Amino acid sequence: MTMVHIATKAISRKAGQSAVASAAYRAGDVLDDAKYGKTHDYSKKSGVMSSDIVLPFSLKALGVSVDRETLWNTAEAAETRSDSRVAREWLINLPYELDEYDRHQLAINFAQKLCDDMDVIADVCIHRPVMKLPFDPNVPPSSKYLREGEENPDPRNFHAHILVTTRAPTVGPNKTLAFDPKLKTPFEWSNKKRKAHDLPSSMQEIKRIREMWVDTANKVLAEYHLPLMDARSYKDQGLDQQPTIKMGVEATAMERRGITTEKGNTNRAIKARNKLVADNHIKQEADNERRISALRKGLAWATEKNARLPGSIGGTKQRADFAKQLARSSEYYITYCTEQNNRTAIRVDDTKRCVEDAKSGIAWAAKRCENLPKWINGTDERSQKAKYRVEHSKQWVTANSKRAANSESVAQGIHQGIAERAKPVPNPFDDAARRARAARLDRQEGRIDRDTRANRHKDERIFEYVERMKLHLAMRLIQRHREAMAINWAQGETAADAPDKFDQRQVALLNEFAQRHGIEDHDKAVEFTAHLRQVAKRFDHTLVENNKAIIKLLRDPNAEREQYLALTKHFTDFRDNIDQKRAAFNSSIIDKLGGSAGEVGRMTRDTMSSFSYIEELMDYINQDNCPAEARDVAKEHLADTLDKTCQQFKLALRDVNSLPTTQRKTYSEAIKATLEAFTEQYGKELSESQHKALQGGLESYHHQVSRTNTPSRGFSP
């Protein structure tokens, strides 16, 4: 969509402005101002592409013509008040997509509509962006070259200044131009007077003219099939976009010179926020497209399943019929199982009877054992007979023992023979022991095989995990600069928004690690996957053991960041404290210096308070009881402070002569005295570039002083 920009402002004597001077400046022309007796010469102004006087059709029909000098001197003469509005300017942004002729015709057509609608005369001047040559330190300061830190304007900024009269023109004698001193155009009326004449408010009138401009431009854009303008606000268009604020001439000039301003920071934050919203909108649209695609695939799948449904129903019916047949064939087996259950019940009854018989036998045996003690103690007749037989047997044994003693050797031989004959003869067909041993060995071998397979599988899983982890670490290392890995500060992304991404400090650590080990982000001679594997091979045991902090950073940036912040919190608290004291000191000396003096005053006060600030930083660095990480951060902050102070000296010296006379002297003396003391105290610690910045600021200051007494010409356009 082509950008819509249309703005209006009054050219007023109250602001020290002149219609003749304004017209000469915008047209790049030489005009004589009859009221003030001056000549306004802007013939050397660059960037003016065309300048035309546009009359309403009512005057054209009468054959009236007028030149620029007569027009605006007449308009000035018609105003008698010291605070009169002598002219009004409409500033429109012309589409850069059109060529020079079409842009000119578009501006003239819109000016003609303004003239006929408001009954005024218009002076249309078309400007192009003036591009300067790049900065060259070897060339003396010139308007043709950019200053150091300055930027060129947007090359697409083609625009038209339409200067219109504030009174309706009339025709005098001999078709001369005149203005009625009692007749202001209704647009210049107050809202109270407009309401009394049933006219809309000034704001509503501006919106109407804005829509008239958009309609006029869209007709031309549509002919060339270019994106059209939209006069509605972002809110009315339903867009989650925030408009930027107007920078103004001073802030724009400071930004182009490399000086940050509050308005510039606000617009940068708004642009970053709008870009983030647009990116999220694009991402959401992509997600919606993926969901729609998934739903379409699901719908196609469901349609295909519905087409197969009749066949599935037929198959289900066949399975139901088969189940019925199976149920009928199962009746025989059900009968058989019922008979088996009945037989089982009969066997249970038989078992119960056997148990009862066993109980009866046990009872009979117990009764028989009741007389056993009497028999053992020898109290009955049978025991007496048994004792007699025992005594008789003892006598017989004694006699036989004597006979056995005489034939002992014979008995020993006999016994040896019997023993030899009693040994079992091995049976070649009995291999039960062999099978038992073989089975035991098979079990042991199987257990060993299972343990070996389990350990090998575990080792393979560990090896695969290690290889995946090495590829993961290598991927994060070589892609550390990409948006998916590093926090995008330019778009307003923070560590809280993306905890798994690397911050600037972590990227610097990884850069140093990669450079130290010769690891490139991308090897153009090798395909990406092959390069990734090469880097992964570098992560061996030795590298991991010697760089545990880097490995931890690659695996979990958020944990490493939290640990680092915890170690450096001591310095963060200290820095906040000295920043507050520095701000309080800067505020306390504003009145002594004669006022705040904008950006120049702020930079000057920062240089004056830099001495105590730097001394406290040095004292902190020399304290051994502070964490080493905190002292390292303090050293970095000290280096940044020195560099920033040198740049502030340079910019303040360059622009201090642009301050009002009441503030210029005090701030000039303060910054020169501060620079002398700063160079004497810290000159040996400054780098060559920092010395160069200070020298450049002094040269710029002396150059500005030499031009201070040069008088200005004409009115403020």
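The values are calculated or read from the model by the stated rules, or taken from the named source; none is laboratory data. No experiment lies behind these values; they were computed from the predicted model shown. No Cβ is skipped: glycine too gets one built from the backbone with ideal geometry, and neighbour counts run over all protein chains shown. Protein only, heavy atoms only, side chains kept; ligands, DNA and RNA dropped before computing areas. Shrake-Rupley method; radii C 1.70, N 1.55, O 1.52, S 1.80 Å.
Assorted remarks:
- Near Ala87, the amide H atoms lying under 5 Å from its own belong to Ile11; only residues 5 or more places off or on other chains count, and H is placed 1.01 Å from N.
- log10 of Debye I(q)/I(0), alpha-carbon scatterers only, for segment 625-711 at 0.10, 0.11, 0.12, 0.14 Å⁻¹: -0.33, -0.39, -0.45, -0.57
- Total formal charge among the other residues, if their Cβ is under 12 angstrom from that of Asp606, Lys/Arg +1 and Asp/Glu -1: +2
- Solvent-accessible area of Ile346 with every protein chain in place, 1.4 Å probe, in Å² to the nearest 10: 100 Å²
- The amide H of Ala486, built 1.01 Å from its N in the peptide plane, has Phe502 as neighbours under 5 Å, considering only residues 5 or more places off or on other chains.
- The local environment of Lys184, defined by Cβ-Cβ distances under 12 Å, has a net charge of +3 under the rule Lys, Arg +1 and Asp, Glu -1.
- In this Cβ point-charge picture (+1 for Lys and Arg, -1 for Asp and Glu), segment 100-150 has a dipole of about 280 debye about its Cα centre.
- Residues whose placed amide H lies under 5 Å from that of Thr185, excluding near-sequence neighbours: Arg167, Ala168
- Computed over the alpha-carbon atoms, segment 587-643 gives an Rg to Rh ratio of 1.14, Rh here being the Kirkwood radius from the mean inverse distance.
- Considering every alpha-carbon pair of segment 486-536, the percent of pairs per 5 Å bin, from zero through the bin containing the longest distance, is 4, 19, 19, 16, 18, 16, 8, 1.
- Pairwise Cα distances in segment 484-574 exceed 17 Å for 60 percent of all pairs.
- Residues Lys9, Lys207, Lys592, sorted by accessible area with the largest first, give Lys592, Lys207, Lys9 [1.4 Å probe; ligands and nucleic acids excluded].
- Scalar couplings 3J(HN,Hα) for segment 10-19, obtained by applying the Karplus form with A = 6.51, B = -1.76, C = 1.60 to θ = phi - 60°, are 8, 9, 10, 5, 4, 8, x, 9, 10, 5 Hz; x denotes Gly and Pro.
- Estimated Rh, segment 49-194: Kirkwood, alpha-carbon pairs, angstrom: 17.6 Å
- Virtual spin-label span in nm between Arg468 and Asn109, 7 Å along Cα→Cβ: 6.5 nm
- Phi angles across segment 595-606 convert, under the Karplus curve 6.51 cos²θ - 1.76 cosθ + 1.60 with θ = phi - 60°, into 3J(HN,Hα) values of x, 6, 6, x, 5, 4, x, 4, 5, 5, 5, 5 Hz, Gly and Pro given as x.
- Flagged links, alpha-carbon separation over 30 Å, of Lys38/Lys113; Lys9/Lys271; Lys297/Lys537; Lys501/Lys537; Lys14/Lys263; Lys458/Lys537: Lys38/Lys113; Lys297/Lys537
- Under Karplus coefficients 6.51, -1.76 and 1.60, residue-wise ³J(HN,Hα) of segment 165-170 in Hz, glycine/proline x: 6, 9, 10, 6, x, 10
- Cα-only Debye scattering, segment 1-123: base-10 log of I(q)/I(0) at q = 0.15, 0.21 Å⁻¹: -0.78, -1.40
- Net +/- balance of residues flanking Leu295 in space, Cβ distance below 14 Å, scoring K and R +1, D and E -1: +2
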